[in-house]
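The values are calculated or read from the model by the stated rules, or taken from the named source; none is laboratory data. Predicted, not measured: the structure shown is a model, and the values here were computed from it. Backbone-built Cβ (ideal geometry, glycine too); neighbour counts: all protein chains shown. Side chains included, ligands, DNA and RNA excluded: accessible areas come from the protein's heavy atoms. Shrake-Rupley method; radii C 1.70, N 1.55, O 1.52, S 1.80 Å.
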Amino acid sequence: MARKSDTPAPASGSNNLVIYVLLFLAIAVAGANTYLLMDTRNIALAAANGEVMEKEQEAFEPVFVSISPFTVNLRSDQFGPRLLYAGLTLEVPDEKVKQLLLTNMPQVRNRLLVLLSGQDADNIVNSDGKKTLAASIQATLQAPYKGDEEIAINDVLFTEFIVQ
């Protein structure tokens, strides 16, 4: 039978350490929560005052220039003469570039026809070929018009694309 004196006394030092660690963690969590709450209030206050955040400033409304569809002869291959029927839309950074392209639309269409007429049908029917063609179109159309400086075109989008 065990006597009372045989049982070890609880170590009060280790219990105090656990309590201090838990108390420290609770204070740290409360401090972090307070900081995040204040930061959120600052963002809400800035939005209420009409201030635009940096991410919202980066967002822009895209400007598109539609080019009416056209048909062009491709290089002849083992199937004989081939045709491409294509419609394009260009994404440009602003209205100034859009107006420049619309003003020079005869040159734009001429550049496109010259570029596309030199293509092989087998190269442009697959997805990679279309991406390469879009990059070539972008580079061709960014060249200066009437002595102006080079213009920016963000993207070339095919709206219609048929190879026969």
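Of the DSSP H helices in the chain, those with a Cα length along their own long axis of 24 Å or more and a mean Kyte-Doolittle hydropathy reaching -0.5 comprise 12-48.
Of the residues Asn15, Asn104, Asn33, the one that moves most in a GNM of the chain with alpha-carbon contacts below 10 Å is Asn15. Measuring r between the beta carbons of Thr132 and Leu25 and using R0 = 45 Å, the FRET efficiency lands at 0.20. Close amide H partners of Phe161, meaning residues 5 or more places away or on another chain with modelled amide H under 5 Å apart, are Gly87.
Annotation: per residue accessible area for the range 16-164 equals 68 Å², rounded to a whole number [probe 1.4 Å, protein chains only].
Using the Cβ-Cβ distance between Leu45 and Thr89 with R0 set to 41 Å, the FRET efficiency from 1/(1 + (r/R0)^6) comes to roughly 0.50.
Of the solvent-accessible surface of the chain, computed with a 1.4 Å probe and all protein chains present, 58% belongs to carbon and sulfur. Here's the picture: a label point sits 7 Å out from the Cα of Glu150 along the beta-carbon direction, and within the range 119-141 the residues with their amide nitrogen under 12 Å of it are 139-141.
In this rough spin-label picture, where each label sits 7 Å from Cα along the Cβ direction, the Leu17-Gln99 distance is 7.6 nm.
Working note: 222 nm ellipticity from helices only, DSSP H runs with n ≥ 4, each -39,500 (n - 2.57), summed and divided by the residues of the chain, gives -16500 deg cm²/dmol to the nearest 500.
Let's test the formula: R0 of 25 Å, r as the Cβ-Cβ distance of Ser76 and Ile162. What FRET efficiency results, to the nearest 0.05? Present the calculation step by step, with values, prior to reporting the outcome.
On the way: r = 18 Å, r/R0 = 0.70.
For R0 = 25 Å, the calculated efficiency reads 0.90.
In this structure, the amide hydrogen of Leu74, modeled 1.01 Å from its nitrogen in the peptide plane, lies closer than 5 angstrom to those of Arg82, Leu83, Leu84, counting only residues at least 5 positions away or on a different chain.
For the options Pro62, Pro81, Pro93, a Gaussian network treatment of the chain with springs between C-alpha atoms closer than 10 Å singles out Pro81 as fluctuating the most.
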